Amino acid sequence: MKTLIIIPAYNEEGAIVETIHNLEKNGKEVDYVIINDCSKDKTLEICRKNNFNVINLPVNLGIGGAVQTGYRYAYENDYDVAIQMDADGQHDPKYIPELVAKIEEGNDLVIGSRFLEKEGFQSTFIRRMGINLYSWIIKVFTGKQVKDTTSGYRAAGKKIIKIFARSYPVDYPEPETNALIAKNNFKIVEVPMKMKERDSGASSITPIKSIYYAVKVGLAVMLACVFKNREMN
């Protein structure tokens, strides 16, 4: 299947080269696009120097806008599968064939999960609390289990690519979109994966922000579970 790797990047000068070289080594049958979200460091300069395929956003759109740009690129270029992958080295490209295979089996969204076998980096305690909260909300309101609700390593098939290209949440969108997919009866499945801590740089989510986003995203997930979205059809 024609597959695109979407790599949102913000201030990833220390990791982007190794991430792309690792992808090129282990994902030879896929294409990729880096979405540089108006980085303040040398991320764009490094991408251009190494002839990486990069889209440079003129203003900072945040993670949602950057990822949606990737989905629009995938939709406009008629990709069968779009896979989100972090620029910081946390996601191992060796799992790409498994993600694609699950889409080939007829699933609409495939999530790489840290929590099915509980191996590798398990995130921080505060974030796991938020993850468990979102998982519980989705289970209660849709009857479907999604353990790793915030995983940024996931694959979307053609139907989901079209939907995400048209409409995508702005802030930390994975939990909300997982809820929308589950609520609107698309086929969603998780596969076990090991993930690493970031190779360099720092997360934009501080402990204080973690509490704020836990509440904000929790409400968004609940609303997504309650109301079917006409744009999902």
Please state, to two decimals, what the Cα-based radius of gyration of the range 46-103 comes to when divided by 2.2 N^0.38 Å (N = residues). 1.27
For the range 140-198, divide the Cα radius of gyration by the Kirkwood radius and give the resulting Rg/Rh value with two decimals. 0.95
Show me the ranking of peptides 163-173, 8-18 by mean Cβ neighbours inside 10 Å, starting with the highest. 8-18, 163-173
Per residue and in Å³, how big is the convex hull formed by the alpha-carbon atoms of the range 1-148? 138
Cα convex hull of the range 1-52: how many Å³ per residue? 65
Compute the normalised compactness of the range 27-66: alpha-carbon radius of gyration over 2.2 N^0.38 Å, N being the residue count. 1.23
At 1.4 Å probe radius, can you tell me the per residue accessible area of the range 1-49 in Å²? 52
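The values are calculated or read from the model by the stated rules, or taken from the named source; none is laboratory data. Just so we're clear, the structure is a prediction, and the values are computed from it rather than from any experiment. Every residue, glycine among them, receives a Cβ derived from its backbone with ideal geometry; neighbour counts consider all protein chains shown. Just the protein is used for accessible areas: all its heavy atoms, side chains included, with ligands, DNA and RNA removed. Shrake-Rupley method; radii C 1.70, N 1.55, O 1.52, S 1.80 Å.
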